[in-house]
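Read through the structure below, which is laid out as structure tokens, and then see the notes.
The values are calculated or read from the model by the stated rules, or taken from the named source; none is laboratory data. As the structure is a computational prediction, the values presented were derived from the model and not from experiment. Virtual Cβ from ideal backbone geometry, glycine too; neighbours counted across all protein chains shown. When the accessible area is computed, the model is the full protein with side chains, heavy atoms only, and any ligands, DNA or RNA have been set aside. Shrake-Rupley method; radii C 1.70, N 1.55, O 1.52, S 1.80 Å.
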There are 2 protein chains.
Amino acid sequence: MVQIPERRIPEQSARRDAERVRPVPTSADVARLAGVSRATVSYVLNNTTAVRISAPTRRRVQEAADALGYVPHAAARSLRAGHSRMVLMPAPSVPVGALYSHFFNELQWALRRLDYTVVQFGSLGMSGDDAARAWAELRPVAVLAPGDGTLTPRGVDVLKRSGARAVLTIGPERVDGAHALLMDQRAVGHCAGVHLLDRGRTGIGVVVPGEPGFETFSAPRLAGIRAAAEGTAARVVPLELRYEERSADRLAARWPELGLDAVFAYNDEYAMLLLRALQDAGVDVPGAVAVMGAGDLLLGRLLRPRLSSVRLDLPSGQVLAELVDRAVRDPAGTPEVHPLLGAEAVPRDST
Amino acid sequence: MVQIPERRIPEQSARRDAERVRPVPTSADVARLAGVSRATVSYVLNNTTAVRISAPTRRRVQEAADALGYVPHAAARSLRAGHSRMVLMPAPSVPVGALYSHFFNELQWALRRLDYTVVQFGSLGMSGDDAARAWAELRPVAVLAPGDGTLTPRGVDVLKRSGARAVLTIGPERVDGAHALLMDQRAVGHCAGVHLLDRGRTGIGVVVPGEPGFETFSAPRLAGIRAAAEGTAARVVPLELRYEERSADRLAARWPELGLDAVFAYNDEYAMLLLRALQDAGVDVPGAVAVMGAGDLLLGRLLRPRLSSVRLDLPSGQVLAELVDRAVRDPAGTPEVHPLLGAEAVPRDST
């Protein structure tokens with residue numbers, strides 16, 4: 001870790017010292033400087049179209065606001081408009097993969113094109129209802145929360161009463177009162193199970209991350225593969241693996257005694273890690289063990305044998321953004337349920 | 001892409017329909033229900049310690065607030081407290097890698113332990129000053145912005161005048177008026193250059209991502225490697241590569257005519273992609289070409305030959321959070337400059 005040096009490197013310029021103690025400017029200050037009423041300031045700075053204000057007046061107000069450094073208060077503005085344009089999402093509580101990161105960026109762009117601002121709120125370590133209350137304090141127009149049991153019907157209520165026009169969950173579970181964008185992770189495991197059984201495998205290890213925070217995804221994936229194996233002669237055995245070489249080497253060393261001829265790893269990264277450890281331990285892939293991941297990362301195709309995977313078929317950010325917008329426009333509408341996640345086996349050389 | 005079905009699946013329960021049209025409850029409603037003054041409501045719900053309020057009264061207010069679903073307005077609360085506890089960071093505008101995601105999560109936890117809330121603001125497509133104004137509308141107590149030229153001294157001013165007690169940038173550039181947490185990406189390139197020259201290489205390709213949005217990092221990394229090669233006989237040649245197999249295959253096919261015996265890729269993922277394409281094209285790594293990445297990802301160690309890399313040495317989230325907190329506590333303090341990024345070559349088998 002880099003040590004932060006204790007010494008300070010002072011900046012050359014101190015010209016702002018005097019300004020730092022100035023009080024925060026208000027719209028009254030802007031009105032005074034521009035020689036107009038506070039109402040006019042509000043109309044101009046909030047781009048109200050209901051009232052006609054001449055171009056020179058507009059310019060004068062804008063210049064006065066710029067000169068004073070006045071910025072309207074989001075909350076005050078949202079009170080006037082009836083609602084904000086903020087879509088609040090809790091920030092993910094575990095480091096995200098490439099897939100989520102790409103998905104989120106696309107969603108963020110799509111919502112921006114519809115004139116929403118996306119705010120990710122760090123709710124780490126808060127209970128569901130405390131988190132909902134903290135989100136409500138920002139008065140978002142819509143909340144897109146994980147459907148993982150954190151948000152309760154009570155939390156939905158708190159949000160709606162604070163003025164949120166739409167509450168949507170995205171994940172495996174539904175919450176009373178909220179629209180549900182269902183992502184059923186069981187489909188991912190089911191799809192992997194069907195593929196491995198098709199290949200004639202009868203002992204399937206399922207890699208579950210040893211790090212905390214992944215249960216929302218890993219538990220239903222395991223349940224899905226168990227459902228696929230039901231009624232067949234195949235065994236399904238959960239295997240804990242931490243994302244580090246030592247953990248993979250230990251699991252690979254135990255492999256002969258496990259008596260498994262297939263493994264479905266939580267995602268491609270865990271699969272790549274285990275595939276290499278198995279090869280280094282002299283286990284033939286796919287001869288002795290078929291290895292399958294999930295997520296269909298480009299990197300999985302760089303290993304030899306090329307990694308088989310499950311492709312997750314997520315809706316485009318555009319489609320999701322339109323769903324959010326529709327929900328905001330119809331706040332009294334009946335909560336809808338949309339199944340979102342598709343899953344498809346992508347067989348390559350490792351199974 | 002998954003198609004969203006047009007049909008709606010209505011929820012069983014419609015018991016909230018009546019509630020949906022209820023107006024947003026105010027602190028006056030809470031005061032009325034609890035039979036106390038609005039001031040008392042405010043004291044209780046904002047945990048003011050200055051005023052003593054009996055336990056039964058506290059309980060009555062809390063119960064009334066819960067019954068009505070009243071949540072204080074963050075903005076109103078921050079006005080009373082003088083400032084919020086919100087640390088605002090712009091959300092990254094490109095999909096982030098594992099390294100950033102881990103770093104950000106650690107920072108978020110550390111700030112939470114100091115009782116701050118981290119909010120990531122989606123500023124996609126806004127100019128620097130527009131973004132600063134939009135951030136200021138949320139009245140954050142501190143802003144941690146990228147030091148990439150987006151934030152201007154004027155933006156810093158707008159933020160401070162709206163009540164931000166600390167503005168910090170994190171990145172390669174300094175902004176007048178803000179604390180600078182300097183991450184000089186040139187060090188990463190320089191370190192790779194020195195390593196490759198040490199290995200006796202004389203023609204160094206530098207992979208620059210073909211996708212937009214990476215210039216902040218890729219340009220200084222290229223500059224760093226050029227600085228390392230200055231005064232030597234070595235050539236440095238930028239090479240554009242998109243993160244897709246076809247792009248890598250095309251670059252590998254051109255390799256013989258390029259006359260290069262080394263390549264430093266933007267990061268480990270681009271390096272892995274190119275390494276495999278070079279091998280598939282029959283180019284010997286490291287015999288004919290040394291390949292080096294940056295980021296020191298676990299996945300790079302899974303390839304053969306194992307990927308050489310540059311380890312980025314970032315400060316812990318704890319150290320950064322303490323810097324933010326120190327800046328908030330001393331809003332009139334002289335802007336400080338802290339060099340944050342360390343870089344170290346990690347030689348493995350690919351160079």
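Some notes on this structure:
- Per residue, the Cα convex hull of region B:105-150 amounts to 86 Å³.
- Normalised by 2.2 N^0.38 Å, where N is the number of residues, the alpha-carbon radius of gyration of region B:135-184 equals 1.01.
- nm² value of the averaged projected area, convex hull over the Cα atoms of the protein assembly as shown: 35.6
- Restricting the trypsin sites (Lys or Arg not before Pro) of region B:177-269 to loop positions (DSSP other than H, G, I, E, B) with no more than 12 neighbouring Cβ atoms within 10 Å leaves B:R254.
- Hydrodynamic radius (Kirkwood) for chain A, which is based on Cα pairs only, to one decimal in Å: 23.9
- Between helix A:215-229 and chain A: long-axis angle, C-alpha atoms, 0 to 90°, nearest 10: 40
- Taking GluC sites (Glu not before Pro) in DSSP loop conformation with at most 13 other Cβ atoms inside 10 Å as exposed sites, chain A has its longest uninterrupted site-free stretch at A:7-229.
- Calculated log₁₀ intensity ratio I(q)/I(0) where the Debye formula runs over C-alpha points of region B:186-313, q = 0.12, 0.19 Å⁻¹: -0.37, -1.01
- Each copy carries A:S37; placing its label point 7 Å along the C-beta direction from Cα gives inter-copy distances of 3.3 nm, listed from smallest up.
- Calculated FRET efficiency, B:E257 to A:V237, Cβ-Cβ distance, R0 = 51 Å: about 0.45 to the nearest 0.05.
- C-alpha long axis of helix B:98-113 to longest principal axis of chain B, angle in °: 30
- With all projection directions averaged, the alpha carbon convex hull of region B:270-351 covers 6.8 nm².
- Helix A:128-137 axis, angle to chain A major axis (alpha carbon atoms, nearest 10°): 30
- Semi-axes of the equivalent ellipsoid for region A:307-351, Cα gyration tensor, largest first, Å: 35, 10, 4
- Note: relative contact order over chain B, using C-alpha pairs below 8 Å and six or more positions apart, is 14 percent.
- Label-to-label distances for A:R254 across copies, nearest first, come out at 4.9 nm, using points 7 Å from Cα in the beta-carbon direction.
- Compactness of region A:24-72 as Cα Rg over 2.2 N^0.38 Å, two decimals: 0.98
- Take the accessible area of A alone and of B alone, subtract that of the pair with a 1.4 Å probe, and the total buried over both chains is about 9200 Å².
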